[in-house]
Amino acid sequence: MRQLWETPGGVHPPENKVQSLKLGIGHLAIPEKLILPLIQHIGDAAKPCVAIGDVVLKGQKIASASGDLSAPVHAPTSGVISAIEDRPVAHPSGMSALCIEIISDSEERWIDLYGHTDYKQLSPQEVSHLIADAGVTGLGGAGFPSAAKLDNGRTKPVNTLIINATECEPYITADDILIRERAAEIIQGIGVISHVLDMPRRILIGIESNKPEAIDALREACKSTAIEVVVVPTKYPSGGEKQLVYILTGQEIPSGQLPSDIGMVCVNSGTAFAIKRAVIDGQPLISRIMTVTGDACGINRNYEVLIGTPVSHILEKNKFIRKNCSRLIMGGPMMGFSLSSSELPVVKTTTCILAPSHSEIPEEDPQQPCIRCGLCAEACPASLLPQQLYWYAQSEDHERLQAHNLFDCIECGACSYVCPSNIPLVQYYRSSKGNIINSRNAKISAAKARERFEFRQVRLNKAEQAREVKREARRVATEKAKTSSSSAADIINAANLRAKARQASPDQQKAKLERSLMAAKMRLDEAQERLAEANKSGSAEQQAQQHASVEGARQKVEQTKRRLEELIR
Amino acid sequence: MIELLTENIILAALVSLVGLGVLFGGLLGYAAEKFKVESDPIVEQLDELLPQTQCGQCGFPGCKPYAQSIADGDAINKCPPGGQSTINAIAKLLDVAAPSLDEEHGEEEIRTVAFIREDECIGCTKCIQACPVDAILGAAKLMHTVITQECTGCDLCVEPCPVDCIDMLPIEEDIDQWRWSIPKNQHQLIATSSSTVHETLT
Amino acid sequence: MSQGFKEITTNGLWHNNPALVQLLGLCPLLAVTSTVANALGLGLATLLVLVGSNTIVSLIRNHVSDAVRLPVFVMVIASFVTCTEMLMKAYTYELYQILGIFVPLIVTNCAILGRAEGFASKNSVGLAALDGFMMGLGFLLVLVALGALRELLGQGTLLVDMHLLFGPSAMNWLVKPFGENYSFLIFVLPPGAFLVAGVLIALKNMLDNMAKTRADSHKSKPVKGAKRVRTTGHIN
Amino acid sequence: MTFKQITSPHGHNRQSTGRIMQLVLIATLPGLLVLSYQFGWGILINLFLAVLAAISAEALILKIRQRPIGFYLQDYSAVVTGVLLGLSLPPLVPWWLVIVATVFSIVVAKQLYGGLGSNPFNPAMVGYVVVLISFPIEMTTWVTPVSLLPEGVSHPGLFESLTIVFAGFSPMDGVTGATPLDLFKHSNGLLVDQIYQDNTLFSSASFAGVGWEWANVAFLLGGLGLLKARIFTWHGPVAMLVTLATMSMLFWDGGSSNSPGSPLMHLFSGASMFGAFFIVTDPVSSAVSNRGRLLYGALIGLLVYVIRAWGSYPDAVAFAVLLGNFAAPFIDNYTVPRTYGHNQRRKATAKEEDE
């Protein structure tokens, strides 16, 4: 038995995993429309590389990665591009982002696939490129582009590869069922990853003790390999990357750093599966295993769902009853976010659609004062002091918040879960983090503005000084001319110079007047348009008003014209 | 000498007091030289806290002059773009009570950026001259445009524009800039019965 | 820095009251206000010192270098405290014994040094003396109010021991509104002083707030943005 | 279909402040029963008066502060304060004393600081201390435990108790007497053995003074129940009791005339157990981290012994707790736990340096 380390804190919410494990992985009919957000991962949004009306094949790239930290998007089925526009996406804000919509032709015509069963012949770079090109991102939660993660791991020596199969959130069973049914493919995927990482010294699969069947399947699949299946005690949130690393190795990822900084790479088991598909089968990431559960759904099970499928399509096929549903959650109950609408599409990071009934997850009770009971501090897996953070978040004391390591909070929700006063602690932390980042940014841009302002002052001063020098020189010259031998030639010269200087100005004046004439005319046109409109539909008062403004504009035009003529004369 | 002092108490008192005075005076003078505090760069610290919009709403030509003026004892509530948070920060720095914003200098408004309606711009360069942070690009008789990232939203360019083609637009929040908001804290709401508390939740 | 008579008066008695607003001189304030007589005694002594020190400080203000002003002020104050102490020994010896160390401790009362530094050293003699008187009076009034409340709440009497100040005829000023056996020790002890002083400050703030809201409703709104200047020079 | 947007986590372990307070109330029951058996109706009258006053005072202040009354009363914190006060005040004290203590607790110590969660001091102990130093005579008169009552004398009945409390009659002779800690305080010059022999309070006791020993055992039981229900952690109470025991062990010199008493006597006399499990564990006014609570408890244990042994009051839990409350923010400052991924602990007052 491998030694395990125990993380501080943690909670044991009811697991509720049995419901969705009664049936195996199911398949859904292809929806009529698929909506593919261009940003389904951490980093920069992908750039569309198709146009409206294009016919695309299943697996065809429709948006390519832009920059290092980005991932391409592929068509999940064959069909026609019907829109490239802002649509509401699955995001806690409920806001919109650029999406590509495909109307399916339900023919499922694939592009040609090129698998690389002989990937070991390829260099790690080439394999990583294959992964990047298939649009594989972390399927567990945040959606970090996998190739970027592996590349980053390759820059430093990696001695440990950790496969995260803990799935500690209640309700979610996507990884569990995937392992049960497709363990062998996951192991193949791990092989690909370890090839990219130059064969790390040890490979550990962390899996929670509440998945006996999956554990057996993994052990069976790992028999002839060096991969070690490590069963960790069931506790939320042992599936957090930092927590799992500590449980398995006793090492902590230093604050603000990545696992690769201590020679580790942590990959989700679903991601390993997607990498296998991408490299060995040549299939881009266009579908994922996802749990559909909650009492408001008649059927609870896992599906292999095409990315971009609207949630409503999935719910319809699962005997969803709206009136029973208290809220619609994407992700698990602890860290998932509630959806404002069921029309939003499933993305690469969607692990679960949870539609709980009112009795399952009732309305929150009103918030009560914090009594500093300390339950939150006991539950915190990062050993923070949540009640102090809450206090400082309320008073917006950013310095103290940072001194209390707010940014080490992983937003797991354990503190809010145990809080007897129903304080939405996590929301306070998220909001404070946002405020701190905003004020950091504001500071940076203020510094920039100051720099520009000061530079401008210096520039203006210089110009002024130069002018002053010239003026002074002129004054000296004229005085010299006056006092000394005021010869006729000099006088004439000076007069000529002055005249020249003056002549320049009428030109400028003319230009200026011309400009204002143009502007005045433009305004007159506008005013007349408005008058016409008012005459058509407005009240008498409006008409009179518009009339007056037209009159005013006309006068201005006349006036400018007159002045221009005077000048020319 | 000592005899003289012991016999003449008043003289003794005088001598000892004068002696003490000289001693402590010397000590004070020495300490004043030895532990001299370098001049406090308070102006820099104040300038750091001001929003650097350079808008002039405080009545000073730029943030730095206002910072100087605060250091000289001016009121700290004259900066509308910075708003209450800036006032609080300055008050904390100076260890004084934070007043509320002086409305004679304007109101705290949401941040905006200038936007030039480009088809109306006649290329007069007045806004370029007016911009305190050189955030407007353009040349004479050519259309101008605002570098949005550099614009501080001071609106100094709006007034000089002869054709009124500059708008101050609020910065729109997109999905990247969206932040969670602080939850409404019900127990601090002033309410008169528990039913209203429940209502505020929904 | 020239303030009018009215301003100095209201500042001393109310707006800038040393005890309620500046929270200066809290040590005697809390320690000796267990009865009206104590409070009045110490208040009068402080008043005397404050007027005297303010006057002298104002007189010498142009002859003292900045570096040594504080020692000089303290010296001046200490002289007056000594005078006062001697006076009290001479005329109200029993009260002096009750007040004990707190009479010499007037030297350390920051309210006095504060006024010397903050006002007397910047104003003419007349104004400084007036300021000393008004500040002293403000302090005295708070002391007496505190003393009266604590005496009443703590031992159920009012104006006990007044004969120490005003002679034997004051013996029968004593009032016992709650009967003979009343006692609520906490108000006689220092914690009670904190409580009562806190309540007094709260009361003052409440009155101020009420006055402010009343004044605000009359005041015309200032023009918004009236004081703006152009940071970018003149635009023609 | 549109849905309501709610922040994560979704779901909650259904523990609520009100429920925690109810459990605390239930846990005081064994102690209440033993006290009532030992000292008669006075305890129940105290309890009733204190709870009534606490609820009324809380409601009144909430009304003045324009806060929802029903909502705040539901958290039972006022009731808990009332019950704790009722249990700690001597039986058969005048009614107004109970009212003064409770009103002080709720109004001054709790609501003036901002209500539940914002009070730096334990409200019940503030109320107790206020009446203790204001009315020393009333507060040091305890009722004799039932088994030590003289022949033919019994505790006053309910009606009689009520007249004593409300009409100000004094109880019969023999009904009141000293407490074990009182005895130790006021029997200078006697060997501990002599004290034990001379006083029935000890000679007929099982281990630490008739009446109080069983009341303490009952509070210990209630406290262990709360510990089992995970209402609080073991750190505070255990630290306090261990320190108290250690101190009394260190200064237990086998029973000389200077000895302040045996460890057993200290642990099971006065308000030791009550304080350890019902006062020290008050989350609002204690230190927040587990290490902090260890220190906090230890400090209180130390202070209890110091005041009992060398101070002028026989029992000291209330004073020790208030002093501990003073120190709690200071303790918090130095006991911030080490965060995951950081090498060093930080002080709570530390401020982030801008990088």
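What follows draws every value from the coordinates through simple rules; no lab data is involved. This one's a predicted model, so the numbers in the text were calculated from it and none came from an experiment. Using ideal geometry, Cβ is built from the backbone for each residue, glycine included, and neighbour counts are taken over all protein chains shown.
What the table shows:
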quantity	calculated
Rg to Rh, two decimals, where chain C supplies the alpha carbon set and Rh follows Kirkwood	1.10
DSSP-defined beta bridges in chain A - what % are antiparallel, rounded to 5	60 percent
Among A:69-78, B:82-91, C:16-25, the order from most to least packed when residues are scored by Cβ within 10 Å on average	A:69-78, C:16-25, B:82-91
Structure-based [θ]222 nm, chain A - -39500 (n - 2.57) summed over DSSP H runs of at least 4, per residue, nearest 500	-14500 deg cm²/dmol
Rough spin-label spacing in nm, given labels placed 7 Å along Cα→Cβ, for B:Glu172 and B:Val18	8.6 nm
Cβ charges +1 (Lys, Arg) and -1 (Asp, Glu), total dipole of the protein assembly as shown, debye	2820 debye
Shielding by partners, peptide A:373-379 (average Cβ within 10 angstrom, other chains)	6
Degrees between helix D:29-39 axis and first principal axis of chain D (Cα, 0 to 90, nearest 10)	20 degrees
At least 27 Å along the helix axis (C-alpha) and Kyte average at least 1.0, DSSP helices within chain C	C:36-60, C:69-91, C:125-155
Charge-dipole axis of the protein assembly as shown as Lys and Arg at +1 and Asp and Glu at -1 on Cβ define it, positive-most pick from A:Ser255, A:Ile299, C:Val68	C:Val68
Radius ratio Rg over Rh of region D:15-177, counting only Cα atoms, Kirkwood formula for Rh	1.01
Sites A:Leu567 and B:Gln45 - FRET efficiency at Förster radius 51 Å, r taken between beta-carbons, to 0.05	0.40
Two-decimal ratio, region D:152-217, of alpha-carbon radius of gyration to 2.2 N^0.38 Å	1.36
Rg(Cα) / (2.2 N^0.38 Å) computed for region A:502-569, rounded to two decimals	1.42
FRET efficiency estimate (nearest 0.05) - Cβ-Cβ, B:Leu28 to C:Leu207, R0 41 angstrom	0.40
Computed E for A:Ser123/A:Ser96 - FRET, C-beta separation, R0 45 angstrom, nearest 0.05	0.65
MRE, 222 nm, helices only [DSSP H, n ≥ 4, -39500 (n - 2.57), over chain B, to nearest 500]	-11000 deg cm²/dmol
Crossing angle, helix D:212-228 versus chain D [Cα axis fit, 0-90 degrees, rounded to tens]	20 degrees
Restricting region B:1-82 to trypsin sites (Lys or Arg not before Pro) in coil, as DSSP defines it, with at most 12 other Cβ within 10 Å	B:Lys36
Shape category assigned to the protein assembly as shown from the gyration tensor of Cα positions, a/c cut at 1.5	oblate
Charge dipole (debye, nearest 20) of region C:5-216; +1 at Cβ of Lys and Arg, -1 at Cβ of Asp and Glu	300 debye
Cross-link reach list, lysines versus A:Lys58, counting only Cα pairs under 29 Å and skipping chain neighbours closer than eight places	A:Lys33, A:Lys47, A:Lys120, A:Lys149, A:Lys276, A:Lys317, A:Lys319, A:Lys348
Nitroxide proxy distance, nm - points 7 Å out along Cα→Cβ at B:Asp95 and A:Phe455	3.9 nm
Average partner coverage of A:279-290, which counts Cβ from other chains inside 10 Å	0
Sparsely packed GluC sites (Glu not before Pro) within region B:1-109, loop by DSSP, other Cβ within 10 Å at most 11	B:Glu38, B:Glu107
In range of the label at C:Leu189: residues from region D:270-293 whose backbone nitrogen is under 15 Å from the point 7 Å along Cα→Cβ	none
Rh (Kirkwood; distinct C-alpha pairs) - region A:114-282, Å	15.7 Å
Selected from A:Ile436, A:Phe453, A:Val426, residue furthest toward positive end of dipole (region A:423-482; charges at beta carbon)	A:Phe453
Dmax and Rg, reported as Rg then Dmax, of chain A (C-alpha, Å)	34.1, 114
For region B:42-105, Kirkwood radius (reciprocal of mean inverse C-alpha pair distance, Å)	11.2 Å
Loop-located trypsin sites (Lys or Arg not before Pro) in region A:1-66 whose Cβ has at most 16 other Cβ within 10 Å (DSSP)	A:Arg2, A:Lys22
Separation in nanometres of the label points that stand 7 Å from Cα toward Cβ, at D:Thr2 and A:Lys521	5.0 nm
Value of [θ]222 nm, deg cm²/dmol, for chain C, DSSP H segments ≥ 4, -39500 (n - 2.57) each, nearest 500	-20000 deg cm²/dmol
Chain B: angle of helix B:83-94 to the longest principal axis, Cα-based, in degrees nearest 10	20 degrees
